[in-house]
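Below: the structure, in structure tokens.
The values are calculated or read from the model by the stated rules, or taken from the named source; none is laboratory data. Given the structure is predicted, the values throughout are model-derived calculations rather than measurements. Here Cβ is always computed from backbone atoms with ideal geometry, including for glycine, and neighbour counts include all displayed protein chains. Surface accessibility is based on the protein's heavy atoms, side chains included, excluding ligands, DNA and RNA. Shrake-Rupley method; radii C 1.70, N 1.55, O 1.52, S 1.80 Å.
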2 protein chains.
Amino acid sequence: MHSQKKLSKQLRRHGYRLTQQRRAILQALAQSHEYLTSADILDRAKALGFDLGLTTVYRTMDALADLGLVKRIHLEDGCHRYALASQGHRHYVVCPDCSRTVEFEGCDLGFLFQQVSQSTGFAIQDHWLELFGRCPQCQGVG
Amino acid sequence: MHSQKKLSKQLRRHGYRLTQQRRAILQALAQSHEYLTSADILDRAKALGFDLGLTTVYRTMDALADLGLVKRIHLEDGCHRYALASQGHRHYVVCPDCSRTVEFEGCDLGFLFQQVSQSTGFAIQDHWLELFGRCPQCQGVG
DNA sequence: TGTTTGTTGAAAACAATTTTCAACTATCAA
DNA sequence: TTGATAGTTGAAAATTGTTTTCAACAAACA
């Protein structure tokens with residue numbers, strides 16, 4: 001797990017300034033174990049006593065995602081959620097009812113990429129693998 | 001490959017009326033081998049001489065997707081593309097530059113679902129697997 | 001052929017996200 | 001410590017994909 005300090009350093013290393021707003025966002029992310037929307041992050045950062053705007057959250061999440069420091073998940077309705085990226089975990093299961101998200105140990109899809117590369121001629125660069133299923137809590141209800 | 005007639009029957013079977021607009025959309029989809037946005041579909045249907053609106057395209061795509069007659073892909077920016085669903089093919093590679101999309105033979109992820117179900121307690125119902133990579137044409141440029 | 005009820009579309013509403021641009025501030029050099 | 005520089009911020013407006021509204025319309029069945 002990245003510490004907040006390490007994340008800050010990474011930002012600096014890549015030429016980003018370490019502003020109060022970015023500190024606030026990193027702190028909010030570090031305190032949550034769930035995937036959060038930009039609005040969620042804004043709320044939590046404000047709750048921590050910082051003052052910042054939603055625009056800044058979007059911009060910061062773009063930067064963090066570019067650096068690979070946060071993982072962005074894509075939901076059915078097109079909106080995004082973010083959480084600090086943890087090493088070795090690369091995929092997640094999302095509950096369609098409550099959006100609760102859990103990562104699972106990466107599975108090796110390398111063989112698949114190679115096979116698809118060969119059969120389609122596409123140079124595979126990236127992939128999404130997301131599973132959807134009701135979480136234990138939501139199963140309890142139904 | 002579904003014929004247009006079969007698709008129409010499927011719609012009727014499920015209680016949908018077979019309108020001129022839906023005919024137009026089915027025809028447009030049948031004539032394209034690419035994944036199209038709603039706007040693309042509208043354009044093509046109009047080019048075929050039909051008169052219809054974008055709202056209808058959205059509504060029809062929802063219906064067709066619910067029935068499993070079209071496959072909907074999710075792009076980075078949150079917008080969608082559709083193509084008639086073909087049996088046995090369940091995943092695709094998308095070119096990030098031109099959005100050209102190609103399906104590849106389904107790979108068996110059953111073992112993965114079971115493993116994840118067990119370790120997370122989520123009841124896996126569905127999944128997305130999308131690969132991204134530059135298509136042969138776009139590679140030629142770079 | 002008429003009646004019922006699903007369907008349509010223009011316009012407005014929505015929601016997530018991006019852009020604009022002037023004010024601001026982290027950082028660095030002196 | 002103090003400018004100066006250039007990245008950063010945020011309120012508001014603009015964008016974009018998509019959904020809703022609601023009155024007019026038209027499949028499909030009796």
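Points to keep in mind about this one:
- 222 nm mean residue ellipticity, helices alone, for the protein assembly as shown (DSSP H n ≥ 4; -39,500 (n - 2.57); rounded to 500): -12500 deg cm²/dmol
- Rounded to 10°, Cα long-axis angle of helix A:38-47 versus longest principal axis of chain A: 30 degrees
- Each copy carries a label point for residue A:14 at 7 Å from Cα along the beta-carbon vector; from one copy to the others these points are 4.2 nm apart, nearest first.
- Candidates B:80, B:7, B:57 compared by Cα position along the dipole of the stretch B:1-87: farthest toward the positive end lies B:7, with charges placed on Cβ.
- Whether the stretch A:55-142 is rounded, prolate or oblate, judged on the alpha carbon gyration tensor where a/c under 1.5 counts as rounded: oblate
- Charges were assigned to the Cβ only: +1 to each Lys and Arg, -1 to each Asp and Glu. The resulting dipole of the stretch B:1-98 about its Cα centre is roughly 760 debye.
- Between the helical axis of A:20-30 and the longest alpha-carbon principal axis of chain A there is an angle of about 50 degrees.
- Label-point distances for residue A:111 to the equivalent site in the other copies, using a point 7 angstrom along Cα→C-beta, read 0.6 nm when ranked shortest first.
- Largest accessible area first, the listed residues A:113, A:104 line up as A:113, A:104 when surface is computed with a 1.4 Å probe on the assembled protein chains.
- Peptide B:132-138, shielding by other chains (average Cβ, 10 Å cutoff): 5
- Across the stretch B:120-129, computed HN-Hα scalar couplings (Karplus, 6.51 cos²θ - 1.76 cosθ + 1.60, θ = phi - 60°) run 10, x, 6, 8, 4, 10, 7, 7, 10, 9 Hz from first to last residue, x flagging Gly and Pro.
- Note on surface exposure: A:9, A:71, A:46 rank A:9, A:46, A:71 by accessible area, highest first, 1.4 Å probe.
- Only protein heavy atoms count here; on that basis, with a 1.4 Å probe, residue B:127 has an accessible area of about 40 Å².
- Segment residue A:98..residue A:19, full-extension length gain: 25.2 nm, with 0.36 nm per residue of separation and the alpha-carbon distance subtracted.
- Using θ = phi - 60° and Karplus 6.51 cos²θ - 1.76 cosθ + 1.60, couplings along the stretch A:94-99 (whole Hz; Gly, Pro as x): 10, 7, x, 7, 10, 6
- Between helix A:4-13 and chain A: long-axis angle, C-alpha atoms, 0 to 90°, nearest 10: 90 degrees
- Here the protein assembly as shown is assigned +1 on the Cβ of each Lys and Arg and -1 on the Cβ of each Asp and Glu. Its dipole about the Cα centre then comes out at about 400 debye.
- The slack between residue A:107 and residue A:67, meaning 0.36 nm per residue of separation minus the straight C-alpha distance, is 12.2 nm.
- Residue-level result for chain B: its Cβ closest to the axis carrying B onto A, with that distance in Å, is B:78, 1.
- Cα pair count fraction exceeding 20 Å, expressed as % - the stretch B:1-87: 25 percent
- Distance in nm between pseudo-label sites at residue B:139 and residue B:6 (7 Å out along the Cβ direction from Cα): 3.3 nm
- Ascending list, in nanometres, of distances separating the residue A:86 label from those of the other copies (7 Å, Cα toward Cβ): 4.1
- The share of C-alpha pairs in the protein assembly as shown whose separation exceeds 32 Å stands at 37 percent.
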